[in-house]
Structures are given as structure tokens and as C-alpha cells.
Amino acid sequence: SELIRGFLLSGMPCPSSCPPGLLALMAPGLALLATFSLPSQAGDRRTLPVEKPSGVKGRTLILLDVNTKSPVRIISENFLSLQLDPSIIHDGWLDFLSSRRLVTLARGLAPAFLRFAGKRTDFLQFHNVKNPAKSRGGPGPDYYLKNYEDDIVRSDIALDKQKGCKIAQHPDIMLELQREKAAQMHLVLLKEQFSNTYSNLTLTARSLDKLYNFADCSGLHLIFALNALRRNPNNSWNSSNALSLLKYSASKKYNISWELGNEPNNYRTLIGRSVNGSQLGKDYIQLRSLLQLIRTYSKANLYGPNIGRPRKNVIALLEGFMKVAGSTVDAVTWQHYYIDGRVSKVTDFLKTRLLDTLSDQIKKIQKVVSTYTPGKKIWLEGIGATSSGGMNNLSDSYAAGFLWLNTLGLLASQGIDVVVRHSFLDHGHNHLVDQNFNPLPDYWLSLLYKRLIGPKVLAIHMAGLQRKHRPGRVIRDKLRIYAHCTSYHNHNYVRGSITLYIINLHRSRKKIKLAGTLRDKIVHQYLLQPYGKDGLHSKSVQLNGQPLAMVDDGTLPELKPRPLRAGRTLVIPPLTMSFYVVKNVNALACRYR
């Protein structure tokens, strides 16, 4: 029996030295092993007790297989998308979106949506004026920062030969001036945020041009959130300013999708006046009517209502909205931030309880949507570690990646169609790119995800996790594994390949043996670890032992895998994130788009 158990656990074929009749004896054991592979949700790990074979004292070998016949979910090609906060108008970073380096970084994450929205959405006014700074006279730092691009257009801006984009190589002195200005504005923005009182923002025609140029040159589809707090005396939406913006965008033939407002459940605290779900639904119907009157946007997509965390009052708002305008929007959207600014330890990002807080919210949103508009797509927008701009050396560190990668895996496995990351670049610390235009750990994690992960989600089956269940205690896994078909856009792998991504929150290494359809296949490893002496606090990462950095402003590094021989056990180091491409599986679910 020990010999049989050993073979079952190892997945190895019976050697020629098997005693007579051993195969017959193994049949019940094989049938038992087959029960480990009952269909389950992607990412769902059934805790199955597997006895350790003799001679492997103190070790746990985890058997892993994937259902390759059909996907359990199919998500958008733009699943991992990006957000820019309107605060970039305030602190001046919008004027630098034409940077070759920023465009290169954004192109690495295409295809994706670029959502222009945030807490200041409902204080944004559009003015159809090309260059108001010219009329303010007097040279000075602000004058040069507002007008420097005119000079660059005549000298350093070159047309991208492929797309005809305006790409700039900004002088170092300009970037230094901008960083000083942004540092000063950061204090103003934080004061507004914590006092929950926001000043009005003006978006000029020229600023909109820069925003669209960045999105278009980067291969991103722009989603613009209009101001919903311009209200008439009867509390209906005043659409006059939005109409001006729509007409200007249409005159430029800008391909844009639209939203209205941001976190409407917070309006009472912002302006002392609430907007209920029914009224918000009527506002969306009004916006849809406006779009249909403008030929360019008659078939444009409309998303909403961009609610916050689904507490009781927020769910009531969503229900009121869905009754009136559920069929008007192309996807239902909500936002989630895991923690507040009081969290101050890197270990907070390792807590499985924190990672699991999203699951209940998904179920609440799905319940409402399925009640009023079954089958309607659901998006999670504005996702980030915190809503207060993040925490320096924490939410921009390697450790924050555990939260981000688990969010991607969990949302995909639950069928959420798109997740919008807040933010690509902004004044806080939740961003993917810092103010020196250097990519942070979550950027490299997102880049690997984009390069390796396709939209088809696969169910996984595991055996060997030994956790004793105690009454009243929820088992929260510290080893999290998700599986997808490998991205069709990655020409290094033939169709039919599978990509696993693994989060190990244990402080010890874990061993995984690929079984079933994955057995004895060549595997490419992409192991992402912190680089440098700061450990989990590090803002730099290494891939398979090699530090990741841009080659130059126009070139991302090659993401080189480490090939593992066929049949080799995967050894997952402690406190790491990794991707494994299982080559040439010829998975039926992954052969066709």
C-alpha cells in the first residue's frame, strides 16, 4: 500500500519492476485521485488530505492539474486597465503626458482602457479655450511650465512614424521644475482630500488634446467621466458644460467612451445634497440621449454608476439606478480600496483576511446586477491599496504586489470583465510609475500579466494542502494559484499553452508537482522578487535574478524566462510572486480565440 501511495502522489508511471497484479490494486487508488479533479471555480482550491509518503518527513508536495477542456470564464482583452486622476491638471503632470518614456511604459500595458476620473471628476469644468496661459503675460516658472511645449513642438517633438503621435523628450530642467511644483501641490491636494472639500478644476481644449494624444499614442481607449454635480434647482443634471465638451471632442473625431460622476454615494458629504439611485438613472438616460444626438458618439459606450464600497445605503442606490437605467449602461461599475492611510506595516499586505475582503463585495454587486439585468458585464474601477493616495514605501513597494496580483486573479475567476487600476501616474503612492517616470514593482507585475495572461480563465485542481479545519474558523490560503490560457499576443508560445500565476505568502518555500495534462511538459519560469537590501519594502524588482529596468526611454527590457526541464517540481520561494508558462499542452480551451 505504501508503494501504491507513493506512485499516486508522485504521478510517476509504474516501473517495470511492479509486482504482478499491482495495477489491479492501484485501480481504487486511481479512482480516488480522480475525485480530486471534480469541476471547480477557477482559483478554488479544495483542501484534500494527502498522506506523506514514507521518507519525505516534514515536506508537503502539492499536486496541481488544470481543466484544459473549456474555460470557466472569459474576460475582456482589456481586463487590466488604467486610470488617471484629474488631479494631474492641478499638479501639472498632464502637460508631461507626451513624454516618450511615459508613452513607452503605457504602450507596454496596451490594449487597455484609460479611465480619466477620480474624486475631482465632479469639480471639473470644460472651457473651450486653446491656451489661456498666453494671456496671463509675465514670464515665470508657471508661465514656462504652461507654455514650454510650444517651443518643444518646434524643436524636440518628433512625429512617431507608426502613429503620427506627438512625442516629447523633455529637458531635465523642466522635469525638475515640475517635480518641485508637484511637491508643493501635493500638500494642497492632500489637504483637500482629508477635509473632503475640493476646488474647481478647469480642463481646457488644449489639455483634452494632450490627454487624448497620450491615450491614442499608447494604444489605450479613453473613458472620460463627466461632472455629475452640476445640478439644476430640481436636482436634475445640468448637461450644458458636458455638451460643450462632447461637441468639441466630436469635432476632433476623438474615439471616447463616457461615464457620469464618481462615487455618487458620497455627494451629500461633498456638497450637502444627495442624488438617489433613481435620479442618477434618469441622469444617465439624459446623457445617453445627448450621445445619440451627436453622430460621433451615437454608438459610444457608457459605463456607470461608479459607486463606492457596497454597504447597505450604497446597495440601495445601486438598486434604484438599475431599476431606471440598468439597460442604458454597457457595464455596471463600482470601486474598491482595501485599506485606509492608517495602515503602516508591510506585513499588513500579507494578511489573507485583507486579500479576501473583496470576495463578499463581488457577490453583493453580482446579486443586484443579476436581479435587474442578468448577464450585464461588471467592472471594478478605481481599485487601489488605499483611497487616500497610498502610503510611501508601502503601497508603492514590492509587498503591495501581493494585493494587486491576488485582486487580478480573484476578479478574473469571478467573471469581473475589467479591472481599472488607480493609478498609472498621480500625486500619491498607489501609482504604477513614479514622478521620475520610473516603473514601480506593480508596473512590472502588470507588464508580466499583460505579456503572459490571456482572457480565458481555467479551473485548477489541487491536492496536498494540509490544513486542519477548526470549528468556526475560516481557512485562508497563503498559497494562491490561478490559471489562464497563455496570451495569444505572445508569439513566444504556441496556442494551447497555459500560464499559472502563484502567490506564496508562506515564510517557507512550497513545492508543486504538475500532474494530469500538465505532467512532463517544459515550463518557463518568471519569478519576480524584490531587488536590493530593502526586501519587501523595495521599489525595484528582479526577474529570475536579473534586475528589471528600462533599456532607454523608448525601450522596455526583454522579459527572459528561466526554462525548467520537463517533469521538474516547481519550487516556490517564500513571500514571492511568480508566473509559469506550461508549454505545448495543446489545451483544447486555448487553441482558438
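The values are calculated or read from the model by the stated rules, or taken from the named source; none is laboratory data. Just so we're clear, the structure is a prediction, and the values are computed from it rather than from any experiment. Every residue, glycine as well, gets a Cβ built from its backbone with ideal geometry; the counts of neighbours run over all protein chains shown. Accessible surface areas use protein heavy atoms only, side chains included; no ligands, DNA or RNA. Shrake-Rupley method; radii C 1.70, N 1.55, O 1.52, S 1.80 Å.
Indicate the gyration tensor shape class of the stretch 505-593 (rounded, prolate or oblate), computed on the Cα atoms with a ≥ b ≥ c the square roots of the eigenvalues: a/c under 1.5 is rounded; otherwise a/b larger than b/c is prolate and the rest oblate. Here the stretch 505-593 falls in the oblate category. For the residue pairs Lys377/Lys521; Lys539/Lys560; Lys363/Lys511; Lys456/Lys478; Lys351/Lys560, the C-alpha atoms sit more than 28 angstrom apart in Lys377/Lys521; Lys363/Lys511; Lys351/Lys560.
Counting only protein heavy atoms and a 1.4 Å probe, the stretch 170-222 has 44 square angstrom of accessible area per residue.
Our estimate of slack between His506 and Asn276, defined as 0.36 nm per intervening residue step minus the Cα-Cα distance, is 78.3 nm.
Provide the FRET efficiency to the nearest 0.05 for the Leu293-Lys253 pair, computing r from the beta carbons and using R0 = 25 Å. Spell out each step's value before the answer.
On the way: r = 16 Å, r/R0 = 0.66.
Efficiency for this residue pair is about 0.90.
Which pairs break 24 Å Cα to Cα here: Lys253/Lys323; Lys345/Lys450; Lys119/Lys210; Lys119/Lys282; Lys323/Lys367? Listed pairs above 24 Å: Lys253/Lys323; Lys345/Lys450.
Subtract the Cα-Cα distance of Asn492 and Gln361 from 0.36 nm times their separation in residues, and report this length gain in nm to one decimal.
So the extension gain works out to 43.4 nm.
For His127, the amide hydrogen comes within under 5 Å of the amide hydrogens of Leu203, Thr204, Ala205, counting only partners 5 or more places away or on other chains and with H modelled in the peptide plane.
The modelled label-to-label distance for the pair Thr371/Lys312, using points 7 Å beyond Cα in the direction of Cβ, is 1.5 nm.
What number comes out for the charge environment of Gln525, summing +1 per Lys or Arg and -1 per Asp or Glu over other residues with Cβ under 10 Å away? After counting each charged neighbour, the total is +2.
Evaluated with a Cβ-only charge set (Lys, Arg +1; Asp, Glu -1), the stretch 266-378 carries a dipole of roughly 100 debye about its Cα centre, given to the nearest 20. Modelled label positions at Leu243 and Asn584, each set 7 Å beyond Cα in the direction of Cβ, lie 6.5 nm from each other. Taking label points 7 Å from Cα along the Cα-to-Cβ direction, Arg562 and Asp434 give a separation of 2.6 nm.
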